[in-house]
Amino acid sequence: MKFEYQPFQLKQTVQNKQNSITFQQPSERYRTMLIIERLKKAFHEFVNKDDFIAFLQWAQGLKRREIYVLPSLFEENMLEKWKHHLGNFIVDQAKKYKRMFRHLLNAYYHTNNTRWIWEAVQTCYVSHQEFHEKFTINTDVEKWNSFLEASDPNAWLVNAIKNENNDYATIFKRHWLTESTKVGHIVLIKMFLSAEESFFIENESLFEDFYTNSTDQTKQLMTQALIQNCRLSNVYQLARNVIYPDRRTHRRHPMLWKDIKEKEKEEFARWILRLEIKNFFEEINTSHERFHYWKKFVVNLEDLIIIDEKKTMLMFFKDVVVMEVLGTGAVYIYSRHIFDEHFWPLLQNVQNYYYLERRKFMNKDLIIQDGIIKQSNGDMHTREGRLIHSGAWQSRFDSYFMLTLNWEVNEDVLAKKEREQFKLENDPVEARNSI
């Protein structure tokens, strides 16, 4: 018997090695990007030389795949006459190539170029409408036709969403639109600016994402719409945890609220400050007597910061800063300019106030001592310059604020001042956002 040697193991090892080596082909998207960059470079040369004839000869020699990506050559700072040259050529090509439709529509979604690209989208569709109705769209033809006839496609999409129960996801899917595109972003921002409360509630995470990544001007528009169209307690997550950390209140940071109407920014300030005071006290005082005392001063309160693991509250008024301490029930008062000079830099350099310790704000040499000197007759306070929550403390506090700081302390008078100052009597926004 004759045996013939075959290196099976070696062959198998080589084969396995070959199988494990995969040559990564450039992705379709990457190849498209290379084409676009090459076309942009050539196009810029024509623009710089202002040579329309050379551009036209070059463009007419492009392959179909290159023609499909020509909308990517549009730039905001391009000369108008070159936008005209490029736009006219693209519209002419849209008449010829029916399969250019989806490329054009996608280009519009990414650029929001209604002057040239949207016109090319409409031209391509009308020029090959029977084909697109049968093969490209196939379903919801009437809605597509209505959309593609619109002179303002973004407004059409907003109205379509409102007319279909605010179901933006269905509208976007039907028209091949996504939230990440420029048009998708614009449409959803417009929805938030005009939608009813239910849309905010159903799309909380979307609102937060858009708000976080928007310009300050858009943030103010979204804030205005949220306050105007919603009961703030129903959109607590957005009002308390998205807008408030970013905007605080207009009383403390007026420039962050400069484009928001007076009624709405004042309503937000009163709602959030009352809420913060209530939340601060409710865990230790079931009757909330301290909350009910301090809330009457909300009309004069500019800002409020809670520190020391929710055991200390700083209330910022125009003339003083009041520091309310849980546990001991003590209240310390600083002149506003003294506090800002010594302690405000500390607050500015901290991301999370929660763990900021109270001791960093304790300086008895800086605390207002005027009028806080008597205790033996139970009149007011201690020699250490603090107010104490004991006995009939509300009347003692009122006496101090009235005599030492010249504050109005009558709750009815303060409430009347609030109504008159901000014209809030019988105001629906005030009614739905009261605490």
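The values are calculated or read from the model by the stated rules, or taken from the named source; none is laboratory data. Keep in mind that what you see is a predicted model, and the values were worked out from it rather than measured. Ideal geometry is used to build each Cβ from the backbone, glycine not excepted, and the neighbour counts take in all protein chains shown.
Observations
- Screening Leu177 on (1) outside the structural domain of Phe101 (by TED's automatic domain parsing); (2) outside any loop (DSSP other than H, G, I, E, B); (3) of a type outside the set (D, E, K, R); (4) surrounded by 16 or more Cβ atoms within 10 Å (Cβ to Cβ) shows it passes everything except condition (2).
- Extreme residue, farthest from the chain's Cα centre (by Cα), among residues of the stretch 219-232 that are among the polar types (S, T, N, Q) and buried (at least 18 other Cβ atoms within 10 Å of the Cβ): Asn229
- Criterion (in a helix (DSSP H, G or I) and within 29 Å of the chain's Cα centre (by Cα)) met by exactly one of Phe199, Phe131, Phe135: Phe199
Okay, residues lined up against (1) assigned to a helix (DSSP H, G or I); (2) of a type in the set (Val, Ile, Thr); (3) modelled with pLDDT of 95 or more:
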residue: Leu221; (1), (2), (3): yes, no, yes
residue: Ala225; (1), (2), (3): yes, no, yes
residue: Pro245; (1), (2), (3): yes, no, no
residue: Arg252; (1), (2), (3): no, no, no
residue: Ile260; (1), (2), (3): no, yes, yes
residue: Lys265; (1), (2), (3): yes, no, no
residue: Leu273; (1), (2), (3): yes, no, no
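- Entry remark, the stretch 65-124: residues being within 20 Å of Phe135 (Cβ to Cβ), among the hydroxyl-bearing types (Ser, Thr, Tyr) and either in contact (Cβ under 8 Å) with a residue 40 or more places away in the chain or crowded, with 19+ Cβ neighbours inside 10 Å (or both) number 2 in total.
- Test: Phe268 is assigned by TED's automatic domain parsing to the domain that holds Glu164 and among the aromatic types (Phe, Trp, Tyr): no
Residue by residue, here is whether (1) on the phi < 0 side of the Ramachandran plot; (2) in contact with a Lys or Arg (Cβ under 9 Å, 6 or more places away or on another chain); (3) touching a residue at least 24 places away in the same chain (Cβ under 8 Å) holds:
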| residue | (1), (2), (3) |
| --- | --- |
| Leu157 | yes, yes, yes |
| Asn166 | no, no, yes |
| Trp176 | no, yes, yes |
| Ser180 | yes, no, no |
| Val187 | yes, no, yes |
| Met191 | yes, yes, yes |
| Ala195 | yes, yes, yes |
| Gln217 | yes, no, yes |
| Met222 | yes, no, yes |
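Results for (1) over 20 Å from Phe192 (Cα atoms); (2) among the charged types (D, E, K, R); (3) touching a strand residue (DSSP E or B) at 6+ places or on another chain (Cβ under 7 Å); (4) surrounded by fewer than 21 Cβ atoms within 10 Å (Cβ to Cβ), shown as yes or no for each residue.
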{"residue": "Glu208", "(1), (2), (3), (4)": "no, yes, no, yes"}
{"residue": "Asn234", "(1), (2), (3), (4)": "no, no, no, yes"}
{"residue": "Arg240", "(1), (2), (3), (4)": "no, yes, no, yes"}
{"residue": "Thr249", "(1), (2), (3), (4)": "yes, no, yes, no"}
{"residue": "Leu256", "(1), (2), (3), (4)": "no, no, no, yes"}
{"residue": "Glu264", "(1), (2), (3), (4)": "no, yes, no, yes"}
{"residue": "Phe268", "(1), (2), (3), (4)": "no, no, no, no"}
{"residue": "Trp271", "(1), (2), (3), (4)": "yes, no, no, no"}
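- Test: residue in the stretch 146-158 that is surrounded by fewer than 13 Cβ atoms within 10 Å (Cβ to Cβ) and under 15 Å from the mean Cα position of the chain (by Cα): no
- Hey, His132 surrounded by 14 or more Cβ atoms within 10 Å (Cβ to Cβ) and either under 20 Å from Gly184 (Cβ atoms) or modelled with pLDDT of 95 or more (or both) or not: no
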